[in-house]
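Data first, discussion second: the structure below is written as structure tokens.
The values are calculated or read from the model by the stated rules, or taken from the named source; none is laboratory data. Everything quoted here is computed from the prediction, not taken from an experiment. Here the Cβ positions follow ideal geometry from the backbone for every residue, glycine too, while neighbour counts run over all protein chains shown.
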Ligand code: SF4
């Protein structure tokens, strides 16, 4: 099989930083003394590697003993999480991505300026759950929301989006807002360019290959968004975590395959995948 790799793929700087911060904390404080509030990133293979190195990722604030360290993962956390951690006598190690922090700051800024804040995002995603904690009563909307029911009438709206959304998706959601009679709408662009570059490269590759493989965790929002975009291009597309997920029927009759990977997929998984795909 001829394999073409997307120009932009795999680890972003936010994920690299989060892993480095987690590994350094475990080295400094000892295995078992640093507890993350859930998986550091949405990639099971990296999560397992960090567990082997001594990072506990199953923690909740209530169960961590005073004196130990709590790791805030790349998706960030609500302000109360920091306050509760300090009140319980925990050391806080913050691995929040700087772009997620910017989204948190944007929500606070819009609220302080008098806007009713709206976040375009998945209400179940940890980044969104954290970001909406930076202002009271933030309204979360996604493609299934009934905007007439959830948006206040004629208020001043301040809008941000989950960092991993595509510009196309965010723009479509903005269109749906703007056809309604709001007096004023202020947008702060919180989309992550690392994600946008990966999305654009994946879409470009779709036109050059018979089949697309998108490597990334099942719960990785940016991976799932790339899969959606590739399918939208009409490319037969498979979301896989590793080579173990591949069935021969996925590439039957194909001569050129495209490979890309989400922002939380390490290079060693991509390299192993490409080597095996080239061998079929
Ligand atoms: S995808 Fe973007 S926002 Fe998310 S961790 Fe990476 S750099 Fe940060």
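One table, with the values for the structure above:
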{"item": "Index of the failed condition, residue 280 passing every other in (1) loosely packed, with under 14 Cβ neighbours inside 10 Å; (2) at pLDDT below 95", "result": "(2)"}
{"item": "Any strands (runs of 3 or more DSSP E) falling wholly within segment 167-273 and containing at least 3 residues that are modelled with pLDDT under 95 and not assigned by TED's automatic domain parsing to the domain that holds residue 108", "result": "none"}
{"item": "Matching residues, segment 60-84, being farther than 25 Å from residue 13 by Cβ and either surrounded by 15 or more Cβ atoms within 10 Å (Cβ to Cβ) or in contact with a helix residue (DSSP H, G or I) (Cβ under 6 Å, 6 or more places away or on another chain) (or both)", "result": "61, 64, 68, 84"}
{"item": "Filtered residues of segment 105-139 (kept if part of a helix (DSSP H, G or I) and more than 21 Å from the chain's Cα centre (by Cα))", "result": "109, 110, 111, 112"}
{"item": "Qualifying residue in segment 260-276 (condition: buried (at least 16 other Cβ atoms within 10 Å of the Cβ), farther than 24 Å from residue 42 by Cα and either touching a helix residue (DSSP H, G or I) at 6+ places or on another chain (Cβ under 9 Å) or in contact (Cβ under 8 Å) with a residue 12 or more places away in the chain (or both))", "result": "no"}
{"item": "Residue under evaluation residue 28, criteria (1) part of a helix (DSSP H, G or I); (2) touching a strand residue (DSSP E or B) at 6+ places or on another chain (Cβ under 7 Å), criterion not met", "result": "(2)"}
